[in-house]
There are 2 protein chains.
Amino acid sequence: MPAPRVVSEGCVARLSLYVRELTRLQKTRAPFVSSRRLAQQLGLTDAQVRRDLSTFGQFGTSGRGYEVRRLHERLTGILGIAGHQWHVALAGVGNLGSALLAYRGFQERGFLFRVAVDADPRKVGTLVQGLSVASPQQLPELVKKARIHIGMITVPVEAAQEVCNQFLQAGVRAIVNFAPVHLEVPPGVWLRVVDLASELETLAYYLAHHGKAGKAS
Amino acid sequence: MPAPRVVSEGCVARLSLYVRELTRLQKTRAPFVSSRRLAQQLGLTDAQVRRDLSTFGQFGTSGRGYEVRRLHERLTGILGIAGHQWHVALAGVGNLGSALLAYRGFQERGFLFRVAVDADPRKVGTLVQGLSVASPQQLPELVKKARIHIGMITVPVEAAQEVCNQFLQAGVRAIVNFAPVHLEVPPGVWLRVVDLASELETLAYYLAHHGKAGKAS
């Protein structure tokens, strides 16, 4: 099934949420789910859910809602995670990097760490979560050998752009950056940014302003 | 300075990015910065930066751009992080929780972990990053004593809603949830969600569709 022509970033992110919820529903053996129930479970509006899902095709069965198994199958297919293993390389085996290597949530959703590098010679050669930490110089060779799809950056701010460049030179086209600094990437590369402190700052803003509270995300 | 009436969530999140970049500029002792330079550094458009900053007041000096020190001062004030220490309680001292406790980026930006709880009796009483892990039963007392502003949830999916309820009952009004599950919170509570696997799934979507690539965030 070809991808629809124009899909907003927000819609792609919600697609991942729908799959998460449908996976949960499959475990409870629920055969159908309404757009209303999906919306409630995910904190979205009914209209949003219907609009998103209609972007990807006709899934609804009038009166009974969506068929859980079929919708799950189609959406995982569209998302590109159906039966697919994505290979991830992590740069920066510090506290955060080590935790991400150990985080089971990635593997459960089809993302496997195959490579870990760190610039600290004392870490090179040590085992972290069953992976032998390599030096960044080995990145081009390891990326190729392990067929890496996604590079994850958890190095300090000062080193982030250099590590990013190393990933790009090694042929990686998708990057998740946890270092709180803006990275320059050329066209043709996908970049996601996770700034953990920024999440707290957003909450701080709402707390500081005692405004009418609600869901901040 | 009173908060402007209507500020979008996106704008609040970008405010945090402006402060991050201005902090960096202050260290380089740059006296002025143009909206264009700020935009380049943060991957935004010039117009976006000018629109955001004009939401919060008149900061520009014609011809020379923004005064770095003054803009930094005002924006940190607006964000609610100027000279303010925010107290954070973490629930779930697993791999991810332990890493977040150790992550220096929070402290650097004014967020201090004061409380950590875990349901595992073997962990209660152990020291993690200088904090003695408590049991969830102690949460109400500890939240009050440590004047906790923000609750951080890093427990498994099955326990997330219960821990969230415990935070709310203890009087916490701002929650960051790392468990990949939707949480129900009443009006008057701010909730941020960080779904790490979802970030990778978004990249997987773009990789799977070989579309015209670019910045995915």
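Looking at region B:108-120, which of the residues that are over 16 Å from B:Ile148 (Cβ atoms) and facing chain A (nearest Cβ under 8 Å) is surrounded by the fewest Cβ atoms within 10 Å (Cβ to Cβ)? The selected residue is B:Glu108. The requirement of being in the same structural domain as B:Val155 (by TED's automatic domain parsing), in a strand (DSSP E or B) and of a type in the set (A, V, I, L, M) is fulfilled nowhere in region B:97-109; no residue meets it. When each of A:Gly77, A:Gly105 is tested for being out of contact with any helix residue (DSSP H, G or I) (no Cβ under 7 Å at 6 or more places or on another chain), surrounded by fewer than 23 Cβ atoms within 10 Å (Cβ to Cβ) and within 12 Å of chain B (Cβ to nearest Cβ), the lone residue that passes is A:Gly77. For region B:150-165, filtering for residues that are over 24 Å from A:Asn95 (Cα atoms) and crowded, with 19+ Cβ neighbours inside 10 Å leaves 2. Report whether or not B:Ala179 is crowded, with 19+ Cβ neighbours inside 10 Å, more than 8 Å from every other protein chain (Cβ to nearest Cβ) and over 12 Å from B:Ala89 (Cα atoms). Yes; evaluated as a whole, the condition is true for this residue. Among the residues of region A:86-130, the one identified as at pLDDT below 90 and at positive phi is A:Gly110. Take region B:156-176 and flag every residue that is β-branched (Val, Ile, Thr) and more than 12 Å from chain A (Cβ to nearest Cβ). Across region B:156-176, the qualifying residue is only B:Val163. B:Phe32 meets all of the listed conditions (1) touching a residue at least 24 places away in the same chain (Cβ under 8 Å); (2) open to solvent by less than 80 Å² (accessible area, probe 1.4 Å); (3) more than 12 Å from chain A (Cβ to nearest Cβ); (4) under 27 Å from A:Ala208 (Cβ atoms) but one, namely (4). Quick one: would you say B:Leu44 is part of a loop (DSSP other than H, G, I, E, B), closer than 22 Å to A:Asp195 by Cβ and not assigned by TED's automatic domain parsing to the domain that holds B:Arg109? Yes, satisfied.
Residues that are part of a loop (DSSP other than H, G, I, E, B) and within 14 Å of another protein chain (Cβ to nearest Cβ) within region B:131-155 comprise B:Arg147, B:Ile148, B:His149, B:Thr154, B:Val155, listed in sequence order. For region B:34-57, a tally of residues being modelled with pLDDT of 85 or more, closer than 17 Å to B:Arg69 by Cβ and not aliphatic (A, V, I, L, M) returns 3. Residues considered: A:Val93, A:Val88. Of these, the only one that is out of contact with any Phe, Trp or Tyr (no Cβ under 9 Å at 6 or more places or on another chain), within 14 Å of chain B (Cβ to nearest Cβ) and buried (at least 23 other Cβ atoms within 10 Å of the Cβ) is A:Val93. When region B:133-149 is examined, which residues are found to be farther than 19 Å from B:Phe106 by Cα and open to solvent by 30 Å² or more (accessible area, probe 1.4 Å)? Correct list: B:Gln137, B:Gln138, B:Pro140, B:Glu141, B:Leu142, B:Lys144, B:Lys145. Taking region A:48-66 as the range and being more than 25 Å from the chain's Cα centre (by Cα) and either under 16 Å from B:His182 (Cβ atoms) or small (Gly, Ala, Ser) (or both) as the test, the residues that pass are A:Gly60, A:Ser62, A:Gly63, A:Gly65.
The values are calculated or read from the model by the stated rules, or taken from the named source; none is laboratory data. Keep in mind that this is a model prediction, so the values were computed, not measured. With ideal geometry, Cβ positions are generated from the backbone for all residues, glycine too; neighbour counts draw on all protein chains shown. Side chains included, ligands, DNA and RNA excluded: accessible areas come from the protein's heavy atoms. Shrake-Rupley method; radii C 1.70, N 1.55, O 1.52, S 1.80 Å.
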